[in-house]
Amino acid sequence: MSLPRAVLRLSNDVLAEMNDDDRLAFAYAHGPALTGFGDDAELVCVWEAESVPSEVHGEAVHLTVARFESLLEQLARGEGWREPGDEALRLIAAFAEGSLLADDSELGSRARAELTEFPQALADASREAVELEAEEIAKRLGDAEDPWDLAEALTGGLHRAYVALFAAAGHLFPGRDHRREYVERYLLGNEVPAAEAALWEAAAAPQPDRAQNLPAAWRTLVRTVLDNC
């Protein structure tokens, strides 16, 4: 199967400039072009050096092997996933969904093999977090007057709920973009996306309906996630 055009361009125009450097451990591409949800892709280069070389191509993302392995270890310990922007989950999920383009060191292949055994600590920690914060978030949603507070509670809570849902099925949550399509792809059922839709509907209602109905909608989503974990 041929690579998408965006990935071929990165391989030919960006990676080719660095591929002869012995310090390059491996490189991978990820993004919508590889998942089937768009045309864009991003190149990540992982370097076997104390720091990223200064002359690298600016169009790629660059990490050291030590940093990459640290992110893997964080997830193995059940860490690095709690907030939407957490680097460990974001980058390692992209690696799991991506395609290796260079791997002379075979470190990339070993990391792929390591990910075939899902980190149970992550599944346990994410489920526990959803259980423990369910009532705290319900109260925050009911009390929220500032839209910023409301958005923060919803965004963080939903992120952790989806991490737990995906982890229970042995997958790293790839982020909020195309989450419904990923749920369908991994056969996780449609109950959680439906509960999320009801949650947003309750959040959009005017007061006092929002304060009354939103906590109940959140509790329904949490029960739905936990029932599917």
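Residues in region 186-213 that are charged (D, E, K, R) and surrounded by 14 or more Cβ atoms within 10 Å (Cβ to Cβ): GLU191, GLU196, ARG210. Taken together, the residues in region 27-60 that are crowded, with 20+ Cβ neighbours inside 10 Å and farther than 14 Å from ALA94 by Cβ amount to 1.
Of the residues making up region 30-88, those that are at positive phi and basic (Lys, Arg) number 0.
Take region 91-111 and flag every residue that is under 16 Å from the mean Cα position of the chain (by Cα), at pLDDT 95 or above and not small (Gly, Ala, Ser). Listed by number, the residues that qualify are LEU91, ILE92, PHE95. Taking region 179-202 as the range and being closer than 23 Å to PRO119 by Cβ and either in a loop (DSSP other than H, G, I, E, B) or outside the structural domain of GLU128 (by TED's automatic domain parsing) (or both) as the test, the residues that pass are TYR186, LEU187, LEU188, GLY189. The residues listed here are LEU172, LEU187; of these, the one that is farther than 20 Å from PRO215 by Cβ, under 18 Å from the mean Cα position of the chain (by Cα) and at pLDDT below 95 is LEU187. Comparison of GLU114, GLU83, GLU73 shows that the only residue that is free of Cβ contacts under 8 Å to residues at least 40 places away in the same chain and surrounded by fewer than 17 Cβ atoms within 10 Å (Cβ to Cβ) is GLU73.
Taken over region 203-229, the criterion of being out of contact with any Lys or Arg (no Cβ under 6 Å at 6 or more places or on another chain) and not in a helix (DSSP H, G or I) is satisfied by ALA205, PRO206, GLN207, PRO208, ASN228.
The values are calculated or read from the model by the stated rules, or taken from the named source; none is laboratory data. Keep in mind that what you see is a predicted model, and the values were worked out from it rather than measured. All Cβ positions, glycine included, derive from the backbone under ideal geometry; neighbour counts span all protein chains shown.
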